[in-house]
1. Looking for whichever is touching a residue at least 40 places away in the same chain (Cβ under 8 Å) and either surrounded by fewer than 16 Cβ atoms within 10 Å (Cβ to Cβ) or farther than 25 Å from residue 221 by Cα (or both) here; the options are 341, 348. Which one fits?
2. Might you check whether a residue that is within 16 Å of the chain's Cα centre (by Cα), open to solvent by less than 60 Å² (accessible area, probe 1.4 Å), touching a residue at least 12 places away in the same chain (Cβ under 8 Å) and over 29 Å from residue 310 (Cα atoms) occurs anywhere in region 237-255?
3. Looking at (1) touching a Cys at 6+ places or on another chain (Cβ under 9 Å); (2) among the aliphatic types (A, V, I, L, M); (3) farther than 27 Å from residue 26 by Cβ, which is the only condition residue 144 fails?
4. Just to be sure I understand, how many residues within region 219-263 are assigned to a helix (DSSP H, G or I) and among the basic types (Lys, Arg)?
5. Where the second residue is open to solvent by 100 Å² or more (accessible area, probe 1.4 Å) and in a loop (DSSP other than H, G, I, E, B) and the first is in contact (Cβ under 8 Å) with a residue 24 or more places away in the chain and lies in region 449-477, which pairs have Cβ atoms under 9 Å and are six or more apart or on separate chains?
6. Determine the pairs where a residue that is closer than 16 Å to residue 22 by Cα and among the aromatic types (Phe, Trp, Tyr), located within region 127-141, has a partner that is open to solvent by less than 30 Å² (accessible area, probe 1.4 Å) and at pLDDT 95 or above with Cβ atoms under 8 Å apart, the partner being 6 or more residues away or on another chain.
7. Go through region 413-476 and tell me which helices (runs of 4 or more DSSP H), entirely inside it, have 3 or more residues that are under 30 Å from residue 335 (Cβ atoms) and in contact with a helix residue (DSSP H, G or I) (Cβ under 9 Å, 6 or more places away or on another chain).
8. Those residues that are open to solvent by less than 90 Å² (accessible area, probe 1.4 Å) and among the aromatic types (Phe, Trp, Tyr), I need them from region 447-476; list them, please.
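The values are calculated or read from the model by the stated rules, or taken from the named source; none is laboratory data. Model, not experiment: these values are computed from the prediction. Cβ placement follows ideal geometry from the backbone for every residue including glycine, while neighbour counts extend to all protein chains displayed. Calculation scope for accessible area: heavy atoms of the full protein, side chains included, ligands and nucleic acids excluded. Shrake-Rupley method; radii C 1.70, N 1.55, O 1.52, S 1.80 Å.
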Amino acid sequence: MSEGKAKFAMIGLGVMGENLALNVERNGFPIAVWNRRAEAVDAFVNGRGAGKNVVGAHSPAELAAAMERPRRIMMLVKAGEAVDWTIDQMKPHLDKGDVLIDGGNSWYEDTKRRDAALTEEGLHFVGSGVSGGEEGALWGPSLMPGGKKEAYEIVREIFEAVAAKTEDGACVTHCGPDGAGHFVKMIHNGIEYGDMQLIAEAYDIMRNGLGLGAQEMADIFNEWNEGELNSFLIEVTAKVLSVKDDETGNPLVDMILDTAGQKGTGRWTSQVGLDLGVPIPTMNSAIEARFISRDKAERVAASKEIEGPTAKYTGDKKELIDAIRAALYASKITSYAQGMNLIREGSNVNKWGIDLGELSRIWKGGCIIRAQFLDKIKQAYLARPDLPNLLVDPYFKSWVSASQAKWRTAVTTAQTLGVPTLAMSASLAYFDSYRAANLPANLTQAQRDYFGAHTYERVDKPGAPAVHTNWQAKAGH
């Protein structure tokens with residue numbers, strides 16, 4: 001190692017890049033930075049990086065020259081073409097054994113492609129999920145690196161230093177080869193979408209079903225955060241609901257247009273679920289809810305033409321609030337069950353060997369979906385690594401079974417009142433489908449055989465070859 005050289009480098013000085021660079025430096029690793037815009041480098045070095053072990057580079061060659069070997073260079077740039085462009089800029093200045101790290105939300109198949117190409121040139125590539133937002137990047141994110149194990153070992157010391165810490169250690173683990181890290185981060189984001197939508201639906205039942213005000217709901221979410229629902233997103237929700245608008249004095253949340261955006265990883269999760277044949281209705285519903293929210297003008301017009309229920313809730317307010325709490329937690333369990341099953345199937349198909357218990361551990365701190373019940377998930381997979389579904393784990397099975405009456409009350413009450421609960425209803429339907437020994441798919445298969453000769457298997461002849469029936473002849477037509 002060369003004296004005075006940077007031990008790590010950051011390419012991309014947006015807020016995430018700057019914060020993570022400061023995190024690295026604060027933990028004792030001198031860092032070099034480069035950005036396509038030279039003025040961004042100068043502003044950082046002379047601003048937030050002033051007086052710190054930060055070296056500003058104005059070209060890829062300068063960046064490479066400022067670093068000790070093997071070089072460890074992280075890119076926090078926009079997913080897609082920008083990543084390939086940055087790799088192409090850096091490659092001529094790297095030596096065999098150097099490590100390039102993509103810390104953005106890249107499509108995992110792109111990560112697999114980049115890993116294979118760079119391996120042929122003697123370079124290492126790590127595709128790493130980074131969760132926690134701006135604060136997480138600065139003070140400790142959850143990191144989900146994928147790539148060759150030898151590549152991870154080169155960056156491990158720094159990753160473990162900058163990651164969030166819990167009683168279980170640093171919130172980082174080697175997820176698996178090539179695209180495993182970005183695949184895990186993608187599903188993490190899908191789970192995050194589901195979590196947010198479920199919370200929004202709980203809020204909506206209380207707002208439009210019970211007529212509660214923002215501060216009343218803030219107090220309820222604060223109370224829920226003291227129990228099994230304890231999580232970053234519940235905490236954030238309580239804080240958001242308590243903020244007043246400076247201009248009007250109204251709750252600020254009431255002044256926000258009800259249209260939600262997305263950056264793509266949630267949609268990718270739905271696409272991958274379809275590709276791998278894994279049911280993830282809660283996450284799918286969360287994506288669809290955001291799509292519906294974007295049609296604001298159309299919804300406003302429809303609200304003037306289509307009448308909904310006029311019924312008002314006349315039952316016990318506290319009982320319904322308790323039912324909503326139970327429905328939120330049960331739906332959350334169901335959503336995580338779907339996400340974990342999707343990760344496992346992706347791991348099996350790609351031969352990644354992802355440890356679901358380890359993911360639960362590293363998600364306990366730093367990341368957006370961090371929650372108290374992740375420890376229960378970790379314990380479930382430690383006790384039974386081949387657990388087919390979280391819903392059959394003793395703890396989760398017991399909790400959901402005991403709470404399903406309240407879950408049903410919350411969902412049916414919302415439907416009676418005309419309050420949409422896409423994700424909560426989908427979670428309950430998934431639960432009922434999963435626990436059903438018999439589904440109506442026998443009729444579906446009969447229909448398929450009728451019009452397409454797709455054949456079917458007989459229940460009284462397990463393992464026998466599939467058969468076809470001439471349904472029209474038998475029906476007398």
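1. Details: 348 fails: touching a residue at least 40 places away in the same chain (Cβ under 8 Å).
The unique qualifying residue is 341.
2. There is no residue in region 237-255 that is within 16 Å of the chain's Cα centre (by Cα), open to solvent by less than 60 Å² (accessible area, probe 1.4 Å), touching a residue at least 12 places away in the same chain (Cβ under 8 Å) and over 29 Å from residue 310 (Cα atoms).
3. The one condition residue 144 does not meet is (3).
4. To start, the set of residues in region 219-263 that are assigned to a helix (DSSP H, G or I) comprises 219-224, 232-242, 252-255.
Now restrict to residues that are among the basic types (Lys, Arg): 239.
Number satisfying all stated conditions: 1.
5. Filtered contacts from region 449-477: 471/477.
6. Sorted first by the residue in region 127-141, then by its partner, the pairs are 139/23; 139/164.
7. Details: elements: 422-434, 441-452, 471-474.
The qualifying helices (runs of 4 or more DSSP H) are 422-434.
8. Of everything in region 447-476, those that are open to solvent by less than 90 Å² (accessible area, probe 1.4 Å) and among the aromatic types (Phe, Trp, Tyr) turn out to be 456, 471.
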